[in-house]
Every structure is written in C-alpha cells, then in structure tokens.
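The values are calculated or read from the model by the stated rules, or taken from the named source; none is laboratory data. For clarity, every value in this text was computed on a predicted model and none was experimentally measured. All Cβ positions, even for glycine, are placed from backbone atoms using ideal geometry, and neighbour counts span all protein chains on display. In case anyone asks, the SASA skips ligands and DNA or RNA and just uses the protein heavy atoms, side chains included. Shrake-Rupley method; radii C 1.70, N 1.55, O 1.52, S 1.80 Å.
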Amino acid sequence: MRKILLTILFAATANLLAAQQPLIVDLWPEGAPGENGLTEVRNPDGTYSQVTDPELEVYLPKAGDANGQAVVICPGGSYSGLAFIHEGRDVARWLNKYGIAGIVLKYRMPGGNRMIPGDDVRKAIETVREKSAEWNIDPSQVGVIGFSAGGHLASTAVTHYTSPANRPDFGILVYPVISMSDELAHKGSRKNLTGADLYSDDIAAFSNETRVTADTPPVLILFSDDDGGVDPRNGTAFYEATKQHGVPAEIHIWPSGGHGWGWRDTFRYSDEMKSIVARWLDERR
C-alpha cells in the first residue's frame, strides 16, 4: 500500500512540475534588429542584467482551463536589468490560475539604442498572435502588463504600436515610469533608455502620456501614494491623457507600499490589488 501511495504521489508531483515548466521561445529566431553592445548577466537570484538575448517564457494554463486571454509581462529594472521573479514568473503563474496565458518577456536593454525595448515588446505581441492557435489564445485578447520601467515599456506598447498585429488589446501599468520630463522622469530609467545626451525630441517621443490617442486600448493603472522610486504623477498624467481622448481607464492609488511590490504577498494591499486585476481582466473579455 505504501508503495502504491508513493507511486501516486510521485506521479502527481511530476505532473505538477511539468505543468509549471514554461516554453522558451526565441523572440527573434532570424536575428534581432539593432545592437546594444552589452554582455548579458544572469544573477544568482534569477534576475537578469544587461540583457542581450531576448526570449519569451510562456506559461500556459491547462487547455481545459484556458479562457483565451494572454498577457505579455514586462518586468521592471530601470532599463538596466529585469526583476524576473516577482514582476515576471510569479505574475505568469498567477494568471494561469484564472485560465490566462502568462508570457514573460525577457527584453533587451537599450545600451545606447533606445529603440530596442520597443522593438522587442511589439515583436512579443506579434509572436503571441502568430502562436495563438497553438497556444489556445484568442488573438483579440492579447494584452500587456508592465512594472516600473517595464511599465514604461508596456505604455510604449499601448501608444507606439505600428500595426494591428502589435497593438495590445489592453494594458496594465503597475507603478509605471511614463514621462521623460524633468519634473516627472525617473532619471535612471531615462538615462538608461535615451542615453546621456537627451534632446527635446527624445522627451517628446518617450513621454508616453503625450502619445495617447482615441485608439489607445483600455488601461488599468496601479500605484502607491508613497512611492519614492517613481513619482505617482506618472500614473495620473497617463490617466488624465486617457480622459482627454475618451480611452477607457481605471486607476488605483494605495496609501502605502512604496515601490517595487510586484506580486509579493508582503505588499499590504496585495490581495485587494490582485482581486482588482482579476476583475478588470474578466471585464475585458
């Protein structure tokens, strides 16, 4: 009897581990455009710095549980690295519980080439749609979520798309860097994205609150009022722009939490935040 129970337990554990293993997809199998001149580092905690090798980590729910939605996840890291765990993989696994495919984007750092991250997020959205039949995804239900500098990249996705193929259907911006203005910019992210030489054209091009149009997809914006890393007015500026152009939007600002809480349970309002995200995603269907 004990042997039978051990066999059953081993099989169940093996199935669980197999279900948690992501698909690794080369984002640019024929070669990525542009060079950043960096040397990629994988840190002991599972995060990345100076990324040069863009990939998708694809976490799919069980076929019978899939509701057709997919979210491309952009971890933060000031455009110098990626917080790949609590702003990436943890989010993807949580999405799977709701039948949503979670696709973590390991995007390249700019390294002096400011167009590289935007190229990667647009390619990621295109790839998800190209793989939609294989991955049991509705191509009209592909969105993006981003954190901090990854929030800037997600806001780039919803405002700098170049075709229907890479326009997200919705966006979630979590304590996002939005503006490149002197008043609101996160200076480290701005320098890492645009380089040391900043011109007025760069400020206009990458201040995404100025890029909102009537065709911008619906957005959800999340912040803490006491965020000492990224000024919460980045979020309110983007929200105000959506109102000017009639774009459906929702914003939540919690009284405390600081910056960088991601999907950590240590964030005091974590359960409330996740409930809001789950409800908002359900309403997009």
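Scanning the range 232-247 for residues that are assigned to a loop (DSSP other than H, G, I, E, B) and either open to solvent by 70 Å² or more (accessible area, probe 1.4 Å) or modelled with pLDDT under 95 (or both) returns a single hit, HIS245.
If the condition is being of a type in the set (Ser, Thr, Tyr) and open to solvent by 50 Å² or more (accessible area, probe 1.4 Å), then the range 162-205 contributes THR162, TYR199, SER200. Against the conditions (1) within 19 Å of the chain's Cα centre (by Cα); (2) modelled with pLDDT of 95 or more; (3) among the charged types (D, E, K, R), ASP225 satisfies every one except (1).
Being surrounded by 21 or more Cβ atoms within 10 Å (Cβ to Cβ) and either within 14 Å of SER148 (Cβ to Cβ) or in contact with a Leu (Cβ under 6 Å, 6 or more places away or on another chain) (or both), is that true of even one residue in the range 265-282? Talk me through it step by step, then tell me what you get.
Step one: list which residues in the range 265-282 are surrounded by 21 or more Cβ atoms within 10 Å (Cβ to Cβ), which gives 277, 281.
Then keep just the ones that are either within 14 Å of SER148 (Cβ to Cβ) or in contact with a Leu (Cβ under 6 Å, 6 or more places away or on another chain) (or both); that gives none.
No.
Check the range 57-79 and report whether any residue there is in a strand (DSSP E or B) and in contact with a Ser or Thr (Cβ under 7 Å, 6 or more places away or on another chain). Looking for residues that are in a strand (DSSP E or B) and in contact with a Ser or Thr (Cβ under 7 Å, 6 or more places away or on another chain), one finds none in the range 57-79, hence no. The criterion of being free of Cβ contacts under 8 Å to residues at least 60 places away in the same chain, open to solvent by 10 Å² or more (accessible area, probe 1.4 Å) and either among the charged types (D, E, K, R) or in a helix (DSSP H, G or I) (or both) does not hold for ARG114. Can you confirm whether the range 87-96 contains a residue that is part of a loop (DSSP other than H, G, I, E, B), open to solvent by 40 Å² or more (accessible area, probe 1.4 Å) and either in contact (Cβ under 8 Å) with a residue 24 or more places away in the chain or closer than 18 Å to GLU134 by Cα (or both)? Within the range 87-96, none of the residues are part of a loop (DSSP other than H, G, I, E, B), open to solvent by 40 Å² or more (accessible area, probe 1.4 Å) and either in contact (Cβ under 8 Å) with a residue 24 or more places away in the chain or closer than 18 Å to GLU134 by Cα (or both).
Please find, among ALA70, ALA32, the residue that is surrounded by 18 or more Cβ atoms within 10 Å (Cβ to Cβ) and more than 30 Å from VAL277 (Cα to Cα).
Values: ALA70 fails: more than 30 Å from VAL277 (Cα to Cα).
On inspection, the qualifying residue turns out to be ALA32.
One residue stands out among those in the range 43-67 that are among the polar types (S, T, N, Q) and in contact with a helix residue (DSSP H, G or I) (Cβ under 9 Å, 6 or more places away or on another chain): the one that is most open to solvent (accessible area, probe 1.4 Å), which is ASN67.
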